[in-house]
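Down below is the structure, laid out as structure tokens.
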């Protein structure tokens, strides 16, 4: 079998798993008490002779799962409380020490392999897949056979994303869609300060390039942090300056240089991805014209 056909076969799920899946679903599905964004559990807490497949329901658009000592199987139902069907894709990021289970996604009554336990942990990549029913997505974790009781943990983060940010199954393509190499138009810029995960004013201290992954990392020194979802930007205790790394496309050709910018963007799996980044004076001109027309979608604290 050629490498290409073998890869397609793995992604489609093994014939045995496709045959076993209807049977597994007929087993008693043991509900899990957890109903949160994230879940932690251990296979050691289950009855040794039980054939139950434990179910976990997660209700948020992002979170994590940590399954220690994986045993038998775990069915994870993503049922976020969404007001609309804007989230049409799911991305899974396994931990660097992911071990002990295969992850499948359920589609049309069959299991399709998403992540194999046979892969080297360092090779685990973020995987994205489209969903037909964003209000309910099911993942199936099948524990790998183990000869000893050495600790293994199958853990991953998940995010539900809108279809406008996902162009394919590759996470990098998904995230980098938001890394705009072109200047944002006025409306995009005005919306960016309202809806971005981070909005900071500052300058570029340094830029490093990763040619293999087609990415660049921009070290931003921030004069002011207006908003950030998590603690990407940290304040230096000595200088008092805020600093943080922001990722973008290699093809954007970002360079170190002088200038006062407004950096905006979104966060995925704890990393900041660059969106609109105009010079601050240019943003000020756009914003004040919008104020005069009553067209600003949200307030920005100029001071």
Q. FRET efficiency for residue 66 and residue 210, Cβ-Cβ distance as r, R0 = 22 Å, nearest 0.05?
A. 0.15
Q: For region 178-293, calculate the relative contact order in percent as a whole number, restricting contacts to Cα pairs under 8 Å that are 6 or more residues apart.
A: 33 percent
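Based only on the alpha carbon positions, what is the Kirkwood hydrodynamic radius of region 211-281, in angstrom? Before the final figure, lay out each step's value.
On the way: mean 1/r = 0.0771 Å⁻¹.
Result for region 211-281, one decimal place: 13.0 Å.
Since every read-out is calculated from the coordinates, none of them should be taken as a lab result. Every value quoted in this text rests on a predicted model; they were computed, and no experiment measured them. Because the Cβ atoms are built from the backbone with ideal geometry, glycine has one as well, and the counts that use them run over all protein chains shown.
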